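Participant: Pasting a structure here, questions to come.
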Amino acid sequence: MPEESARDGEFAADGGSSRDDEGVVRRDRFSGGPARSFLSSLAADERIFEADLEVDRAHTVMLAEQGIVEDDVAGQVLTALDAIEVDGHGSLPDGEDVHEAIETAVIERIGAEGGKMHTARSRNDEVAACIRYRLREDVLEAVETTLALRESLVAVAEAHTETIMPGYTHLQPAQPTTVAHWALAYEGAVGRDTARLLEAYDRINESPLGGAAFAGTTFDIDRERTAELLGFDGVVENSMDASSSRDFLLEVTQALSTHATTLSGLAEDVVIFANRGFVDLSDDYSSTSSIMPQKKNPDTLELVRAVAGDAAGGVQGLTTTLKGLPRAYNRDLQRATTYAWETVDAVTEASEVAAGAVATADWNEETLAAEAGEGFSTATGVADLLAANGLPFRTAHEMVAHAAENSAERSSADSHVAKPRDNGADYDALEAAAREVLGEPLESLVDPDAVEEALDPAASVASRDSQGGPAPEAVADQLELARESQSDDRAALEELDAALEAAHETLREEVNGYV
């Protein structure tokens, strides 16, 4: 988005004596040349076209209310802006940017008086206001997709509080858990992503309008009034800070990158789970091979995973662009917004796709249950049981580790000491380890039936009822907290949406008083 550079000052109330018929906004000296297309951002500015019109309207209404511009002139300007909105961005005359093009279009419609709309401002504070105005909407849309994903994860958790599945660390079988516990782990992470975006919104939602080029203006403007008309919570106080700072862009892009990282982890998990037969993705979120018709590929989630790289690149690009820029305005800032727009679009879409993929996936409960005890994954529970019966935990850990080393071999061999138990191989490995490490039978340390229960994945999960654990009772508490958090964030989102809509209606009413 270009901002005032060749001519940074505000125009006089009479429309500007420095204008001429050839160069409506900039002088002829700056109206041509081979670099003009390089400088222009008019095409890219379509994204803030409507925002610019709203900023123009609010500024014009304020100028009229302050007696800086005559009411009839304000009415003509506002009428012209309505017509320009109807005609659309594509009908704008050529210009260096959308701000110049809109002003030129107003002047072409009503004459030189149209130049009064730019009184007491610069394109520097104007574009900063437009970026913030549009970015608010984008952030709220991103928040909406995080809530949709969280709702999908809660729905999965509600349906699978007792669906046992293998849990992993380092991608190795670790301890059995449940699908609900897994889903709520991501719900919590996405919840923090939502919080970061809402917090960033608070800092976006401050009006820079009235900062002018950077040093304020001599006109008796009312910055609080334009902030109110545009739905901002207040103003960026310092005029230099208002026109030149872009930390809000960086904060949003960083928050989106963090969310994209969360999405990437979720996507990776589901891709792996699909590979192992734990979950079936809906056809709507899969594809097939161009040559191997039997294949069902989790392509959408692979792309969700890749968006984390795009977002991280956006953070790096934006940080590098902003690094070391002196105050106040520099044309480098024209390139800064691209990183934010591309990141918010990519991450919002990825979040929406992830929500849909999670909501429509089918979990294969039998496969999950069969795999939940793989790799002696209940070993920790056995160690805990031995420690609870008086054996030092470190000693119990050593004994169970010794049993785990031999568990795979014992489970595939015909042992003459095998017991008729569901977890016979693991039990026999523990029995042998007790004799080898401690020199006494397992039964002398703990009740065999208690060992059998500890070895059972479902019983192991049920025993882990500490706060935040996978036991159904603990998950029920987590579900309640997740629902409350989502309800609070949903209410906050609706309140912010309503505030923006109310401001839009108020501005429209004020405009109608002049047109």
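Participant: Could you compute the net charge surrounding A361? Neighbours are other residues with a C-beta less than 14 Å from the C-beta of A361; K and R count +1, D and E count -1.
Facilitator: Combined, the nearby Lys, Arg, Asp and Glu give -4.
Participant: Okay, moving on. Averaging over all projection directions, find the projected area of the Cα convex hull of the chain and quote it in nm² with one decimal place.
Facilitator: 30.9
Participant: Work out from phi, with θ = phi - 60° and the Karplus expression 6.51 cos²θ - 1.76 cosθ + 1.60, the ³J(HN,Hα) of each residue of the stretch 145-157, listed in order in whole Hz, and give x for Gly and Pro.
Facilitator: 5, 5, 5, 4, 5, 4, 5, 5, 5, 5, 4, 4, 4
Participant: A further question follows. Among DSSP beta bridges whose residues both lie in the chain, state the antiparallel percentage, nearest 5.
Facilitator: Of the beta bridges lying entirely in the chain, close to 75 percent run antiparallel.
Participant: Tilt of helix 71-87 relative to the longest C-alpha principal axis of the chain, in degrees (0 to 90, nearest 10)?
Facilitator: Between the helix axis and the principal axis of the chain, the angle is about 50 degrees.
Participant: Rank by packing, highest mean first: peptides 236-242, 492-498, 335-341, with packing defined as the count of other Cβ atoms within 10 Å averaged across residues.
Facilitator: 335-341, 236-242, 492-498
Participant: Given an 8 Å cut-off on Cα distances and at least 6 residues of separation, report the relative contact order of the chain as a percent.
Facilitator: 18
Participant: At what distance in angstrom do the alpha carbon centres of the stretch 114-185 and the stretch 64-82 lie from each other?
Facilitator: 41
Participant: Calculate for the chain the 222 nm mean residue ellipticity that helices alone would give, adding -39,500 (n - 2.57) per DSSP H run of length 4 or more and normalising by residue count, nearest 500 deg cm²/dmol.
Facilitator: The per-residue figure over the chain is -20500 deg cm²/dmol.
Participant: Could you order peptides 78-87, 219-228, 206-215 by the average number of other Cβ atoms within 10 Å of their residues, highest first?
Facilitator: Highest mean packing first, the order is 206-215, 219-228, 78-87.
Participant: Let me ask something additional. Counting only other residues whose beta carbon sits under 10 Å from that of R150, what net charge do I get with K and R as +1, D and E as -1?
Facilitator: My count for the surroundings of R150 gives -2.
Participant: With angles folded into 0 to 90 degrees, how steeply does helix 299-322 sit against the dominant principal axis of the chain? Use alpha carbons for both and round to 10.
Facilitator: Approximately 50 degrees, to the nearest ten.
Participant: Rounded to the nearest 10 degrees, what's the angle between the helix 98-110 long axis and the longest principal axis of the chain, both from Cα atoms, 0 to 90?
Facilitator: The helix 98-110 is inclined about 40 degrees to the chain.
Participant: Could you pull out every residue, at least 5 positions away or on a different chain, whose amide H is within less than 5 Å of the one on V279? Hs are placed 1.01 Å off N in the peptide plane, and Pro or chain starts have none.
Facilitator: Close amide H contacts, sequence-distant or interchain: A274, N364.
Participant: I've got another one for you. Using θ = phi - 60° and the Karplus curve 6.51 cos²θ - 1.76 cosθ + 1.60, what whole-Hz ³J(HN,Hα) does each residue of the stretch 261-277 get, with Gly and Pro shown as x?
Facilitator: With coefficients 6.51, -1.76 and 1.60, one gets 5, 4, 4, 5, x, 4, 4, 4, 4, 5, 4, 5, 4, 5, 4, 8, x Hz.
Participant: Go through the stretch 133-138 residue by residue and turn each phi into a ³J(HN,Hα) via Karplus (6.51, -1.76, 1.60, θ = phi - 60°); whole Hz please, and just put x for glycine and proline.
Facilitator: 4, 6, 5, 4, 4, 5
Participant: Also: Taking K and R as +1 and D and E as -1, what net charge do the other residues with C-beta under 10 Å from the C-beta of E352 add up to?
Facilitator: Result for the neighbourhood of E352: -3.
Participant: Give me V235, V98 ranked fewest to most by other Cβ atoms within 10 Å of their Cβ, as a rough exposure proxy.
Facilitator: Going from sparsest to densest Cβ surroundings: V235, V98.
Participant: Another question, then. What ranking, highest mean first, results for peptides 306-315, 144-153 when packing means the other Cβ atoms within 10 Å averaged over each residue?
Facilitator: 144-153, 306-315
Participant: Check M165: other-chain or 5+ apart residues with amide H under 5 Å from its amide H, H built from backbone geometry?
Facilitator: T177, T178, V179
No value in this document is a laboratory result; all are computed from the given coordinates. Since the model is a prediction, treat every value here as computed from it, not as a measurement. Note that each Cβ is placed from the backbone with ideal geometry, even for glycine, and that neighbours are counted across all protein chains shown.
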